[in-house]
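Here is the structure we will look at, set down as C-alpha cells.
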Amino acid sequence: MANADFEGRSYPANAPYSVGPEKIREFAVAVGATHPAHHDLVAARGSGYPDLVAPPTFAVVVAQRAESQYISDPEAQIDFTRVVHADERFTHHRPIVAGDELTTVLHVDRVVVRGAISMVTTRCEIYAMPQHVEVPSPEAEGPGEHVATVVSTLAIRGEDA
Amino acid sequence: MSRPDIATLAVGDVIGSRTVTFDRAALVRYAGASGDLNPIHWNDKFAVGAGLPGVIAHGMLTMGSVVGLVVDWAGDPGAVVDYQTRFTKPVEVPNPGTAQVDVVGTVGVVDAEAGTVRVDLVVTVDGGKVLGRTQVLVRL
C-alpha cells in the first residue's frame, strides 16, 4: 500500500520540458486531433497563436514526467504494475504552444489507504519559464507564467485486491 | 472556421457525436507519443497477469481522443479551459480487431456572462459507459 507519509509533500520545480512542434504534431496524430492549429504554423498564427497549439490533454506528457519523481520513489511504495488511472483533470490558464519551456511543481495532495486499495492524488502546477534570463522577483508566486494545472488520481490495488 | 454563437446555445443541446476507433497500432502510437510505456497497453501476457481481461487502451488515449468532438465544434483547441473525467471501465482492444468508442456531447451549462459553455460527454463502448463525469469547459 502507498506510504501515507507522502501526503502534503511538494517537490521543487523540475528540469524544464521543451515543447517542440514535431512533438505537438506527433501527439495530435496519436489522439486523432486534426485541427490545423496543431499541425500548420500559418493556421496557428491565423488563429492568434505564436506557434503550433498543443491538444487539450498534451499537458499529461509534461505532468507524467513530474509525477514520476513521486511514483518511482521506492519509499512511496507504489507498485506500478498494480496501478490503474482513476481520474484526471486539466485546467488551462493559457494554451501550451510550441517553444514553451515548461517547468512543473509537483504536489502530493492526498494519499488514502482503504483496505487493500490505495488512492493517491497528485497536482502538477506547470509554468512557462521566461524566454529571457531574469532575476526572479522575491514576490513571484512561481517560477514563471502559470500555464496549466493537472490533477491526477491513481488507484493502487494491494496484493489481496 | 466558424465558431458557435453562445447566445443561441441552450442546456440540453446536442453538439454532435462521433465514433473513434482504436486498434493495437493506435495504442503503440499513443504509448510512443505520450511516453506512457506501461505494458498493460501493448503486452497481453502482462495485462492478464495484472488481472485485466487483456490489453486495454490508455485512459488518457480515450480522454485525449473524445475531446476532439468539442474542439472541432468550438473551432479552436485553445478554447478548452478545463477538462475532467473519471476512468470507470477499461476499454479492451482485441488483436486483431478494433474497439469502437462512441461519444455524444451535450450542453450542460451556459454562462453567458463568463462567455463559457460546459459540454458534457457520454462515452460508451457497446452501450456501456467507459468514462464518467466527463466535462469540458469551453470559452467561446
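Where a number appears in this text, it was derived from the coordinates with a stated rule and is not lab data. None of the values given here were measured: they were computed from a predicted structure. Counting neighbours? That spans all protein chains shown, and the Cβs are built from the backbone with ideal geometry, glycine included.
Of the residues contained in segment B:101-110, none is found to be in contact (Cβ under 8 Å) with a residue 12 or more places away in the chain, in a loop (DSSP other than H, G, I, E, B) and either more than 16 Å from the chain's Cα centre (by Cα) or buried (at least 18 other Cβ atoms within 10 Å of the Cβ) (or both). Looking only at segment B:87-100, residues that are within 11 Å of chain A (Cβ to nearest Cβ) and buried (at least 17 other Cβ atoms within 10 Å of the Cβ) come to 2 in all.
Of the residues A:Phe80, A:Phe6, which single one is at the interface with another protein chain (Cβ under 8 Å from one of its Cβ atoms), surrounded by fewer than 21 Cβ atoms within 10 Å (Cβ to Cβ) and out of contact with any Gly (no Cβ under 8 Å at 6 or more places or on another chain)?
Numbers: A:Phe6 fails: at the interface with another protein chain (Cβ under 8 Å from one of its Cβ atoms).
Of A:Phe80, A:Phe6, the one residue that is at the interface with another protein chain (Cβ under 8 Å from one of its Cβ atoms), surrounded by fewer than 21 Cβ atoms within 10 Å (Cβ to Cβ) and out of contact with any Gly (no Cβ under 8 Å at 6 or more places or on another chain) is A:Phe80.
Taking B:Leu140 as the residue in question, decide whether it is of a type in the set (A, V, I, L, M), touching a residue at least 24 places away in the same chain (Cβ under 8 Å) and surrounded by fewer than 22 Cβ atoms within 10 Å (Cβ to Cβ). Break it down stepwise before answering.
Working: of a type in the set (A, V, I, L, M): yes; touching a residue at least 24 places away in the same chain (Cβ under 8 Å): yes; surrounded by fewer than 22 Cβ atoms within 10 Å (Cβ to Cβ): yes.
Here the answer is yes, as B:Leu140 does meet what is asked.
So that you can scan it fast, the table gives a plain yes or no per residue for (1) facing chain A (nearest Cβ under 10 Å); (2) among the aliphatic types (A, V, I, L, M); (3) closer than 25 Å to A:Thr153 by Cβ:
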residue: B:Ile15; (1), (2), (3): no, yes, no
residue: B:Val20; (1), (2), (3): yes, yes, yes
residue: B:Arg24; (1), (2), (3): no, no, no
residue: B:Ala33; (1), (2), (3): yes, yes, yes
residue: B:Asn38; (1), (2), (3): yes, no, yes
residue: B:Phe46; (1), (2), (3): yes, no, yes
residue: B:Ala50; (1), (2), (3): yes, yes, yes
residue: B:Val55; (1), (2), (3): no, yes, yes
residue: B:His58; (1), (2), (3): yes, no, yes
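Note on segment B:19-69: among residues that are among the hydroxyl-bearing types (Ser, Thr, Tyr) and in contact (Cβ under 8 Å) with a residue 60 or more places away in the chain, the one that is surrounded by the most Cβ atoms within 10 Å (Cβ to Cβ) is B:Thr62.
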